[in-house]
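Notes follow once the structure below has been shown.
The values are calculated or read from the model by the stated rules, or taken from the named source; none is laboratory data. No experiment lies behind these values; they were computed from the predicted model shown. All Cβ positions, even for glycine, are placed from backbone atoms using ideal geometry, and neighbour counts span all protein chains on display. Protein only, heavy atoms only, side chains kept; ligands, DNA and RNA dropped before computing areas. Shrake-Rupley method; radii C 1.70, N 1.55, O 1.52, S 1.80 Å.
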Amino acid sequence: MAIIKRALISVSDKTGIIEFAQALSQLGVELLSTGGTAKLFRDNSIPVIEVSDYTGFPEMLDGRVKTLHPKVHGGILGRRDLPEHVQAMQTQGIPNIDMVIVNLYPFEATVAKADCTLEDAIENIDIGGPAMVRSAAKNWKDVAVLTDANQYADVLAELKSTGALSQQTTFALSVAAFNRISNYDGAISDYLSSFNTDGTRNPFPNQVNGHFVKVQDLRYGENSHQQAALYRDLYPAPGSLVSAEQLQGKELSYNNIADADAAWETVKSFTGVACVIVKHANPCGVALGATTLEAYQKAFKTDPTSAFGGIIAFNSTVDGTAAEAVAKQFVEVLIAPDFTAEALAIFKAKANVRVLKIALPKGGKSAWENGRNAMDSKRIGSGILLQTADNHELSQADLKIVTKKQPTPQQLSDLLFAWNVAKYVKSNAIVFCGDGMTLGVGAGQMSRVDSTKIAAIKAQNAGLSLQGSVVASDAFFPFRDGVDVLADAGASCVIHPGGSMRDDEVIAAADERGLSMVLTGIRHFRH
């Protein structure tokens, strides 16, 4: 048990600190503090000893040196169970410090500002704070270290209840403290490593320090013989899957989470009322509608077979009529920004269905504000590939029409819809669309022609006609055979990046077959 008689408080973020300090003082704990925090306590009539008076050494160098003193670190690091430590501290007149409450200079918040300079960043690198936190965390059996205002209430409750802190508590606080220091140092390393020799910044730092927080252990991984856990970013983007509130249903599995992310990322990319159905990481049905019910019915119509046991996501509130329709099929996970009371009552009868509520991001200039990753990663043997995320949004002004036949306004709208869907389909991706819905999806084949044939078969099996449809391909057609297959299937327009050495040959083939062809200059490979 850690008996708390003396506490050192030095915080940049003053949230909750007055109330916490008052409570500690009422429990008879002597308070030490540094300049700004000490003044705050005096202004609120909280008894406090300023660290400079305690050590007999003044704060100096604009506050850069104030706690780096043997009387501070000796009081924190000295082990109460070692007689030689106790004797040395008594000889040097160093009292015990039993609690350290420190949060650090706001480095992460500072460098997140668009106008942050290198000088601003450097001045917000804390030195004394991390040193005290590390000292206290190392000596966790005797010293409690608090690094977050969220810890105050539980610690205070335990002190009031038992008069001390258990070793279980002080160890947990120590782990949290080392995690905080690790994250802090990682942020500094990431930022400083991003500078080139000429003073410009590189989006890919010379060292990357990924930090994630575990959300939960999972029952198993992608396969039953694998173990898995879900982690989130330190600062999750609003509207991302890890911010979901699970309203009902079984625990999410590894594959549920992966597929749910694919469905949610796809559906939130549309501005109109949309529904996306995902199976095995690929959208098998996507549609826009006037209502959630209409969007669902159109999306389901694309591929009813694959929709069985799929993940369904909406970007609008799910009402009772849509819920009644969805409840008729077997669904693993259902996602939406909100659900009416009637909808939730309908799904309550299907207790195993995992229902997730995720607020849509409010939007902004950055990827984070739009609920998107700024970077994507792929693990390889003893390494990692990093790239900027595929966040490009194609507009009609970006399109380059290269054939004699021009697409109609409706076809242009459908082409943009198809292109948006293709972005989330595994390469090679072929997506037939019409009237704001997918008609056939071909994914993950080594040959683009095979993907096209599969998409046509899917449409045929679903009883959907491809006559007059539009098609999106995530990459160029290297030969005219792809164009011929599209034309044979009934397509009237195709959108793809272009960029092949045989573009002229492919465009000529499109003219010959009476297709409109639109180039984007942007590829959407997805693996």
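Placing GLU294, GLU119 in order of accessible area, with the largest value first and a 1.4 Å probe, yields GLU119, GLU294. Here CYS493 sits with roughly 0 square angstrom of accessible surface, probe radius 1.4 Å.
Calculate what fraction, in whole %, of the accessible area of the chain sits on carbon and sulfur atoms when a 1.4 Å probe is rolled over the protein chains. All intermediate terms of the calculation are to be shown ahead of the outcome.
Numbers: 13190 of 25520 Å².
So the carbon and sulfur contribution to the accessible surface is 52 percent.
The C-alpha atoms of the chain define a longest principal axis, and helix 17-26 lies at about 40 degrees to it.
Given a 1.4 angstrom probe, what's the average accessible area per residue across the stretch 175-311, in square angstrom?
Working: 6810 Å² over 137 residues.
Spelled out: the 1.4 Å probe surface of the stretch 175-311, per residue, equals 50 Å².
Would you mind checking LYS214/LYS365; LYS362/LYS423; LYS113/LYS138 for any pair whose Cα atoms are more than 25 angstrom apart? Long pairs (Cα-Cα over 25 Å): LYS214/LYS365; LYS113/LYS138. Measure nothing fancy, just the Cα-based angle from helix 409-422's long axis to the longest principal axis of the chain, in degrees from 0 to 90, nearest 10. Once rounded, the angle reads 50 degrees.
Exposed loop sites were defined as chymotrypsin sites (Phe, Trp or Tyr not before Pro) in DSSP loop states (anything but H, G, I, E or B) carrying at most 16 other C-beta atoms within 10 Å; in the chain the longest segment without such a site runs 1-219. Between GLU512 and ASN44, the simple spin-label model (points 7 angstrom out along Cα→Cβ) gives 8.0 nm.
In square nanometres, what is one fourth of the surface area of the convex hull spanned by the alpha carbons of the stretch 426-527?
Details: hull surface 22.9 nm².
Its average projected convex-hull area is 5.7 nm².
For the stretch 230-285, the ratio of Cα radius of gyration to the globular rule of thumb 2.2 N^0.38 Å stands at 1.18. Helix 503-513 and the longest principal axis of the C-alpha atoms of the chain enclose an angle of approximately 40°. Shape annotation for the stretch 201-308: C-alpha extents along the principal axes are 47, 42, 25 Å, from largest to smallest. Normalised by residue number, the volume inside the convex hull of the Cα atoms of the chain is 203 Å³ per residue. Here each label is just a point 7 Å from Cα along the line to Cβ, and for ILE384 and LYS405 those points are 4.8 nm apart.
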